[in-house]
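Here the structure is laid out as structure tokens; the discussion comes afterwards.
Where a number appears in this text, it was derived from the coordinates with a stated rule and is not lab data. From a predicted model like this one, the values you see are computed outputs, not experimental measurements. Cβ placement follows ideal geometry from the backbone for every residue including glycine, while neighbour counts extend to all protein chains displayed.
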Amino acid sequence: MKSSPMKIRRLGLLLSLMLTGMLLAQDGPKDLPAAPSASKQAQKQPPSPQAAPAETKPETPAATAESTSAQGTNTEPAKTGTSPAPQVLEAPPEETPQTTIIRSVNEVNVVFTVTDKRGRLIKDLQKDDFKVIDDGRPDTSIRSFQRQTDLPLRVGLLVDASNSVRDRFKFEQESAIEFLNQTIRAKTDKAFVVGFDATPEVTQDFTQNTELLSKGVRMLRPGGGTAMFDAIYFACRDKLAKEQQTGPMRRAIIVLSDGEDNQSHVTRDETVEMAQRAEVIIYTISTNLTGSKNNGDKLLKYMAETTGGRAFFPFQITEVANAFAEIQDELRSQYALSYHPSAFVADGRYHKIEILAQNHKGLKVRSRRGYYAPAR
């Protein structure tokens, strides 16, 4: 029993050490409680198509947009396994751009159409027949040139389903279905269908199946207001710019509408900017059959011309099918070139471009009017 006091003291010391260790363990992670909530915040999904344009404004310009980091960056924290906190803390705000990733930081890609004085498509020109003007400076460093007869198509069909087109909606649906059946090739092309009134609605996502596309068009029902800019913005940013590709392709949107926008969250210029960033050509078919041009027709023409497309103004409903046929022919009769601007600066600014047919008189080249250079 003489050793009992000694044993008691040792036991007390052991208990004291254990309590101290427990207190230290509790004090250790006090600087981390915010990490899980920060991770959840970073993992929030983007808003619905209606709200997306209102809350999203491109921040990182680019000369080309063959892939996209928009929204993709929102899912990165989920890949960090058991350590989400460092990923959230290391990512600065500017690393979550909206829609622009470029293949080559100083290469500009341009798809264009050539017509003669009578508007007939010219399909047999060569690289030496063209000259590029970049911000007013002749630029001869054309890296590649192609006639785009057989390049894959990625097409978005956007149909105005607002009340303003109710009386002619059925015929427009049938014309759109015929266009898709004649244009989309099963092994190389894809298309999607979006109906829009106050909000855009995808009734058929990207597919090569023309039967599914036809069903998507027939699902559309007219009603509500018109948010055309929101629909185009959404189609460029969330559909066409994000479509994966293994080689060159053409991206186009066909908008069937009267152009009267009254509920969009984004502006006309923001819509055109997004189309230029995503390298999308916009074709528009007006459903205004009054015989006189209104503000909606002017908007349709502006968006088409600034992106290298074309605006159609049928005088009667039966001519809508003819407009679709001309778009189909044009999509198979285009050229594409890429070049390095001789005075390239990664300034994030908009740069004007012009393609000239230099060896032939009376030819008109139609292309997008500019591009956004990447920012440093």
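Given the options Leu157, Leu256, Gln245, identify the residue whose Cα lies farthest towards the positive end of the charge dipole of region 153-331 (+1 on Cβ of Lys, Arg; -1 on Cβ of Asp, Glu).
Gln245
Show me the trypsin sites (Lys or Arg not before Pro) within region 257-317 that DSSP assigns to loop and that have at most 16 other Cβ atoms within 10 Å of their Cβ.
Lys293
May I ask you to list the chymotrypsin sites (Phe, Trp or Tyr not before Pro) in region 313-376 that are in a DSSP loop and have at most 11 other Cβ atoms within 10 Å of their Cβ?
Phe315
Could you give me the percent of Cα pairs per 10 Å distance bin for region 143-188, shortest bin first, beginning at zero and ending with the bin that holds the maximum distance?
20, 37, 25, 14, 4
Here is the link list: Lys127/Lys301; Lys187/Lys242; Lys170/Lys242; Lys131/Lys352; Lys215/Lys301; Lys242/Lys352. Which ones come out longer than 23 Å on Cα distance?
Lys127/Lys301; Lys170/Lys242; Lys215/Lys301; Lys242/Lys352
Can you list residues whose amide H is under 5 Å from Thr267's amide H, if they're 5+ apart or on another chain and H is modeled 1.01 Å from N?
none
Could you give the dipole magnitude of region 181-233 about its Cα centre, charging the beta-carbon of Lys and Arg +1 and that of Asp and Glu -1, in debye to the nearest 20?
Using only the charged Cβ atoms, the result is roughly 260 debye.
Report Rg(Cα)/(2.2 N^0.38 Å) for region 153-331, keeping two decimals.
0.92
Where Rh denotes the Kirkwood radius from the mean inverse Cα pair distance, what is Rg over Rh for region 293-338?
1.04
Viscosity 0.890 mPa s, temperature 25 °C: what is the translational diffusion coefficient of region 159-257 from Stokes-Einstein with a Kirkwood Rh over Cα pairs, rounded to a whole number of µm²/s? Intermediate results must be reported in sequence, preceding the final value.
Working: Rh = 13.8 Å.
The calculation lands on 178 µm²/s.
Figure the gain on full extension for Gln358 and Asn295 (residue separation times 0.36 nm, minus the Cα-Cα span) and round it to one decimal in nm.
19.1 nm
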